Amino acid sequence: MPCELEPLGSLPLDTEGSAAWGSLLGPALSLVLPVVYALICGCGILANGLVISIVLSCKHKLVSDVYILNLAVADLLFLVGMPFIIHQLVQEHGWIFGDFLCRAVTTLDLNNQFTSVAIVTVLCVDRYPPGHALQQGTLCSTKRTLRCTALINAGVWASSLVMATPAMLYARVQRENQTELCLMDLPGPSSLYWYTLYQSLAAFLLPLLVITVLYSLTLHHLFRAMHRAQRRCSARSRRVTRMALTIITAFLICWTPFHVVQLVNLTAAPSVASFYLNQFTICLSYAHSCVSPVLVLFCTEFFRERMAHSRCGRGTGCWGRDLIRGPGWGGDDAAGMLMVPSGPPTGWGRN
């Protein structure tokens with residue numbers, strides 16, 4: 001994770017600076033971090049696994065199902081690599097899994113950041129009313145639309161993997177003070193600056209701008225439509241608003257501190273306070289891979305019904321019927337748009 005400048009421009013991916021800060025960890029932090037990471041990992045794997053199983057069990061999938069399924073898969077792949085991070089925290093000799101797994105786990109982390117944010121951004125574009133203003137009865141069939149959505153998601157995965165190239169090129173195992181560490185061995189200090197800016201812009205700032213604008217415009221269109229609709233739609237509009245605010249707030253809480261700290265660390269002098277603050281923001285960013293599916297599981301009445309029945313009813317999709325049904329692709333609903341990245345940015349605590 002781009003945080004402190006390390007000798008030779010290296011970038012630790014495990015404890016975000018363990019080589020330079022090893023003496024500061026202490027027994028308390030050495031115990032707390034693995035426990036917190038283990039809780040995030042365990043709960044996240046269960047929640048994302050449940051989301052995936054419920055979506056796959058749906059007989060009639062909608063466009064939003066495809067996006068949510070891919071978000072859950074991206075989070076799950078990242079969480080599967082967390083045990084390696086936890087092991088390095090508790091293992092006195094550091095990383096023992098070799099260069100290949102070091103590069104693989106780091107790439108999964110960075111790829112998760114880009115994939116999650118990209119899927120949510122594309123989902124927002126898809127759910128923006130002018131972007132899916134095809135009326136019911138359009139020539140575009142549900143199957144054709146689902147196939148198109150699957151191709152879009154495949155493109156997102158491919159492009160995200162390309163954007164994670166820095167992890168493939170620079171992640172490696174190095175020996176620091178008799179301990180082997182999996183880290184990002186960047187060419188020099190200037191590379192760390194550019195890498196951090198690249199990560200913050202591509203995995204947070206630019207997507208956040210698009211997501212925020214489209215959320216606002218979509219809610220505006222929904223409220224205008226509901227103002228002219230039946231009275232019963234007012235309750236649904238309130239649920240749409242609560243869902244949007246909840247997910248956006250969770251995204252901001254989990255990711256804003258991390259990226260702010262990473263940018264500040266580029267110029268700030270290292271200190272004990274900055275070290276502990278960095279660890280805290282890393283935990284928050286990791287937690288989003290667990291928080292996102294939990295919000296999906298428990299924030300909509302319709303999905304709770306899906307959990308109870310373990311399959312979707314005839315002629316319905318899997319998400320958000322309790323919110324708003326619009327004339328979207330494949331008869332999808334506006335709730336499909338109200339979902340935010342799970343993804344985190346940065347290696348051992350995010351590359």
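Tabulated results
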item: Test: residue in region 169-178 that is modelled with pLDDT of 90 or more and out of contact with any strand residue (DSSP E or B) (no Cβ under 7 Å at 6 or more places or on another chain); result: yes
item: The listed residue being free of Cβ contacts under 8 Å to residues at least 60 places away in the same chain, under 19 Å from residue 123 (Cα atoms) and of a type in the set (A, V, I, L, M, F, W, C), out of 69, 77; result: 69
item: Within region 90-101, tally of residues that are among the aliphatic types (A, V, I, L, M) and either modelled with pLDDT of 85 or more or under 10 Å from residue 181 (Cα atoms) (or both); result: 2
item: Count of region 29-44 residues which are over 15 Å from residue 85 (Cα atoms) and free of Cβ contacts under 8 Å to residues at least 40 places away in the same chain; result: 0
item: Test set (1) more than 18 Å from residue 294 (Cα to Cα); (2) in contact with a strand residue (DSSP E or B) (Cβ under 8 Å, 6 or more places away or on another chain) - residue 64 fails condition number; result: (1)
item: Given (1) modelled with pLDDT of 85 or more; (2) in a helix (DSSP H, G or I); (3) out of contact with any Phe, Trp or Tyr (no Cβ under 6 Å at 6 or more places or on another chain); (4) of a type outside the set (Lys, Arg), index of the condition residue 125 fails; result: (1)
item: Per-region count, region 144-153, residues surrounded by 18 or more Cβ atoms within 10 Å (Cβ to Cβ) and over 17 Å from residue 72 (Cα atoms); result: 2
item: Residue among 156, 162 that is part of a helix (DSSP H, G or I) and buried (at least 19 other Cβ atoms within 10 Å of the Cβ); result: 156
item: Residue tally, condition assigned to a helix (DSSP H, G or I), touching a residue at least 60 places away in the same chain (Cβ under 8 Å) and out of contact with any Leu (no Cβ under 6 Å at 6 or more places or on another chain), over region 87-100; result: 4
item: Positions within region 49-86 being part of a helix (DSSP H, G or I), closer than 24 Å to residue 102 by Cβ and of a type outside the set (Asp, Glu), in sequence order; result: 73, 74, 76, 77, 78, 79, 80, 82, 83, 84, 85, 86
item: Condition met for residue 32 (in contact with a Pro (Cβ under 7 Å, 6 or more places away or on another chain), modelled with pLDDT under 90 and surrounded by fewer than 19 Cβ atoms within 10 Å (Cβ to Cβ)); result: no
item: Residue list for region 166-214, filter: part of a loop (DSSP other than H, G, I, E, B) and crowded, with 18+ Cβ neighbours inside 10 Å; result: 186
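The values are calculated or read from the model by the stated rules, or taken from the named source; none is laboratory data. None of these values were measured; they are calculated from a predicted model. With ideal geometry, Cβ positions are generated from the backbone for all residues, glycine too; neighbour counts draw on all protein chains shown.
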